[in-house]
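**Q** Take a look at the following structure, please.
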Amino acid sequence: MAQIRQLNKETTKHSEAQLPISNGAKAILKNYRQSPRKVRLVADAIRGKSVSRAEILLTHMDKLAAKQVKKLLAAAVANAKQGGLEKENLLIKNIAVDKGFVFKKSMPRARGRATPIRKRTSHITLELRSSGSNNEVRSKK
């Protein structure tokens, strides 16, 4: 019984050594006051690119959301630096644009009717990963 416990402790030590420390960073922008459909155009342009390439694209992109996405990218890079990663090695792993809540108003129309006005908002989630790291942990089997 003692030998089994000793063996379990040894295998646990080896498996802990294989786990990656931190290979990415994340930043979230909530309740951005622009339609998700419009923000997704910007998100699709930078998905999978390196951080430096994405910054260049966002600087020269003629979309209103590009400025906010660039600020979000800078926040994610700052989070990655805090975790010990370098900016040159970072890639955009995932960028998701989800719908937020909708402001609802109504506009008066003819004959006493009203039509709805929907002011849509977006939630943007940006994830970075290091280009030299593997996301999966390999076992010794």
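The values are calculated or read from the model by the stated rules, or taken from the named source; none is laboratory data. On a predicted model such as this, the values are computed, not experimentally measured, just so you know. Cβ: placed from backbone, ideal geometry, glycine included. Neighbour counts: every protein chain shown.
**Q** Go through (1) surrounded by 14 or more Cβ atoms within 10 Å (Cβ to Cβ); (2) modelled with pLDDT under 95; (3) farther than 30 Å from residue 131 by Cα and name the single condition residue 100 misses.
**A** Every listed condition holds for residue 100 apart from (2).
**Q** How many residues are in contact (Cβ under 8 Å) with a residue 12 or more places away in the chain, among the hydroxyl-bearing types (Ser, Thr, Tyr) and surrounded by fewer than 16 Cβ atoms within 10 Å (Cβ to Cβ) when one looks only at the stretch 32-78?
**A** Looking only at that region, the number is 1.
**Q** What number of residues in the stretch 106-124 are farther than 19 Å from residue 30 by Cβ and within 31 Å of the chain's Cα centre (by Cα)?
**A** Total satisfying the criteria: 1.
**Q** If residue 116 passes every condition in (1) assigned to a strand (DSSP E or B); (2) surrounded by 14 or more Cβ atoms within 10 Å (Cβ to Cβ) but one, which one does it miss?
**A** For residue 116, the exception is condition (2).
**Q** What is the number of the single condition among (1) surrounded by 11 or more Cβ atoms within 10 Å (Cβ to Cβ); (2) part of a loop (DSSP other than H, G, I, E, B) that residue 94 does not meet?
**A** Of everything listed in (1) surrounded by 11 or more Cβ atoms within 10 Å (Cβ to Cβ); (2) part of a loop (DSSP other than H, G, I, E, B), residue 94 misses just condition (2).
**Q** Only residues that are under 19 Å from residue 33 (Cβ atoms) and touching a residue at least 40 places away in the same chain (Cβ under 8 Å): list them for the stretch 79-105, please.
**A** Within the stretch 79-105, 95, 96, 97, 98, 99, 100, 101 qualify.
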